Each structure stands twice: as C-alpha cells, then as structure tokens.
1. Once the Cα atoms of helix 27-38 and of the chain are each reduced to a long axis, what angle between those two axes, in degrees from 0 to 90 to the nearest 10, is obtained?
2. Given a Förster radius of 25 Å and the C-beta distance between Thr33 and Asp13 as r, what FRET efficiency does 1/(1 + (r/R0)^6) yield to the nearest 0.05?
3. Does anything in the range 42-71 have its amide N under 17 Å from the 7 Å Cα→Cβ label point of Val21, and if so which residues?
4. Checking a compactness column here: for the chain, what do you get for Rg(Cα) / (2.2 N^0.38 Å), N being the number of residues?
5. Run the quick spin-label model on Ile40 and Ile6: label points 7 Å from Cα toward the beta carbon, then report their separation in nm to one decimal.
6. In the neighborhood of Gly46, defined by Cβ-to-Cβ distances under 13 Å, what is the net charge if each Lys or Arg adds +1 and each Asp or Glu adds -1?
7. Tell me the net charge near Leu3. Cut-off is 13 Å between Cβ atoms, Leu3 excluded, with +1 for each Lys or Arg and -1 for each Asp or Glu.
8. Can you tell which of Ile25, Ile16, Ile48 shows the greatest fluctuation in a Gaussian network model of the chain with Cα springs below 10 Å?
Amino acid sequence: MSLSTIINILDPDAFIFGGGVSNEIDFFTEIETLVKKYVIGKEYEGVILKPKYGDASGVRGAARLGRATIY
C-alpha cells in the first residue's frame, strides 16, 4: 500500500527492488497485483525491476560511494 501511495503522489517511471527481497519468486507478481489494486485513477505505466547485480547491489553501491569519498 505504501508503494501505491508513492505512485499516486510522485508517479515514478520505475522502481528497483534490491537485496534479499529481489530473490523471492512471487514477490514481483504480488507487488504488481497490489499496485493495480491501490493506484488511484489510472493504471500504473511504470516498471518494477530487479537490480542489475542482484542482492549484491547495495554492497556494490556502498563500496563505490566509499571509494569515491576516500579518493
């Protein structure tokens, strides 16, 4: 329901879900079903994506940020 609230207010082009949740098979199907149920006034035309590097995306991002800060 919170995701639908974000869609209703901001209308983002895409959502990317990372971490362990991205490994769940039924997660993305369930999210799409709930978004269709709770978005007000129109069907959401954005996309819901898995991260390019799977559940390691957060660690990779943190390492890159740390490296950019140090050097």
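Bear in mind these aren't lab numbers, they're just calculated from the coordinates by the rules spelled out. Note that this is a predicted model, so its numbers are computed, not measured. So basically every Cβ, Gly included, is an ideal-geometry build from the backbone, and we count neighbours across all protein chains shown.
1. With rounding to tens, the tilt is 40 degrees.
2. Details: r = 20 Å, r/R0 = 0.81.
The computed FRET efficiency comes out at 0.80.
3. So the set is 47-59.
4. Values: Rg = 14.9 Å, N = 71, 2.2 N^0.38 = 11.1 Å.
Relative to the 2.2 N^0.38 Å estimate, the chain comes out at 1.34.
5. Going by the 7 Å Cα→Cβ label model, 1.8 nm.
6. Details: positive: Lys36, Lys42; negative: Asp11, Asp13, Glu32, Glu43, Glu45.
In short, -3.
7. On the way: positive: Lys36, Lys37; negative: Asp11, Glu30, Glu32.
That sum, taken over residues with Cβ under 13 Å, equals -1.
8. So, out of Ile25, Ile16, Ile48, the one fluctuating most is Ile25.
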